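Below is one structure; the comments refer to it alone.
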Amino acid sequence: MTATIPSNRAQRWTTIANGQRIRELRRQCGLAQAELAGLAGVSLDTVARLERQYRTACRTRTLARIAAALGESPATIAAVILEDPVTRSDTKS
């Protein structure tokens, strides 16, 4: 019997989508969620789930398909995550 080692492989292929931006672009294109899903080759449930949340994890392939269906680059609908700046206090004695 061999041990199964958990893999972070799935994490490498996921990204964070900006659901609010997806909804905004879909509406600008005059598409219903079902129409976008059909054009992108993803399920209606996927489009609805992504749009419901401001930042949500999704596969990079899914993000790319939705972006292409909307005529946008994937970077347009990816959520920008800015880390809080690290506050350093240089104490010199």
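The values are calculated or read from the model by the stated rules, or taken from the named source; none is laboratory data. Quick caveat, the model's predicted, so the values are computed rather than measured. Glycine also receives a Cβ, built like all others from the backbone with ideal geometry; neighbour counts cover every protein chain displayed. The accessibility values were calculated without ligands, DNA or RNA, using every heavy atom of the protein model including side chains. Shrake-Rupley method; radii C 1.70, N 1.55, O 1.52, S 1.80 Å.
Residue pairs whose Cβ atoms lie under 8 Å apart, sitting 6 or more positions apart in sequence or on different chains, and linking a residue in the range 46-64 that is closer than 10 Å to G19 by Cβ and of a type in the set (K, R) to a partner that is open to solvent by less than 40 Å² (accessible area, probe 1.4 Å) and part of a strand (DSSP E or B), are R49/T56; R55/A17; R55/N18. Among the conditions (1) within 14 Å of T15 (Cα to Cα); (2) open to solvent by 40 Å² or more (accessible area, probe 1.4 Å); (3) modelled with pLDDT of 90 or more, the only one that V80 does not satisfy is (3). Number of residues in the range 22-46 that are under 21 Å from V80 (Cβ atoms) and open to solvent by less than 10 Å² (accessible area, probe 1.4 Å): the value is 2.
Within the range 21-34, the set of residues being under 23 Å from A75 (Cβ atoms) and in a helix (DSSP H, G or I) comprises R21, I22, R23, E24, L25, R26, R27, Q28, Q33.
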